[in-house]
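The values are calculated or read from the model by the stated rules, or taken from the named source; none is laboratory data. Note that the structure is a prediction, hence the values are computed from the model and not measured. We place every Cβ from the backbone using ideal geometry, glycine too, and count neighbours over all the protein chains shown. To get the accessible areas, we keep the full protein, side chains included, count just its heavy atoms, and leave off ligands, DNA and RNA. Shrake-Rupley method; radii C 1.70, N 1.55, O 1.52, S 1.80 Å.
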Amino acid sequence: MDIDEVQYLSENELISVVPNFKHPEINLIRGSVGPFLPLVPLQVPMWMAIHLKESHRCRFVCPEWLTFDSVQELLRQEQQQETFTPMPNPYVFILSQTIMNVALEDIPNGDQIRLLMKDLWDLRLAKLRSSIGNLARSGALYAKVTHLTQVEICLIRNFLKTSLKHIAQLQDAVPDE
């Protein structure tokens, strides 16, 4: 799976919006959405929320996991733990970036949250690099990794696959004593 596929999958995640129009329920392949009533929040897939926002037909409701306090707490937990901490959503980085790009004005403290999310991303990538280095130095042929997001897995998948294959080949080439 590549980044584009992860982005595509993330767009099926539900997000709350507040429409400014009236429309009956819409039947989609994955279920029904609506009815749309002005000023009545409802959950829609991210792809639909993006379309409605770009058409000036709704405003986003900030997800609980994307509030300033929530993101600050995620960052604090990540800084305190040596291992990866669980994220509120497997697509948290892609969704937050999409929301910030499309509806920054709908997110209280959006600019500060964007910076906190970047700090969180940088911290997790540093942990990922460190973990990969430790794995390579240990000579292990497998690794158990927990609490990674889909985009993080996507970033390291091919590298780890190739690296572990080369380590195994090198170990096979060294004669047993």
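The figures follow:
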item: Electrostatic dipole magnitude of the chain [Cβ: Lys, Arg +1; Asp, Glu -1; Cα centre; debye, to 20]; result: 140
item: Separation of the Val40 and Ile132 label points, Cα + 7 Å toward Cβ, nm; result: 4.9
item: Computed Rg/Rh of the chain, alpha carbon atoms with Kirkwood Rh; result: 1.11
item: Rounded Å value of the spacing that divides the Cα centres of region 82-149 and region 51-66; result: 23
item: Helix 150-173 axis, angle to the chain major axis (alpha carbon atoms, nearest 10°); result: 10
item: Global geometry of region 8-61, whether rounded, prolate or oblate, following the gyration tensor of its Cα atoms and the 1.5 cut on a/c; result: oblate
item: The chain, accessible area per residue, ligands and nucleic acids excluded (1.4 Å, Å²); result: 63
item: R0 of 41 Å, Cβ-Cβ distance Lys118-Leu28: FRET efficiency to nearest 0.05; result: 0.80
item: Set of lysines near Lys161 by C-alpha distance (under 29 Å), chain-local residues within fewer than 8 positions excluded; result: Lys118, Lys127, Lys144
item: Separation of the Arg157 and Asp172 label points, Cα + 7 Å toward Cβ, nm; result: 2.4
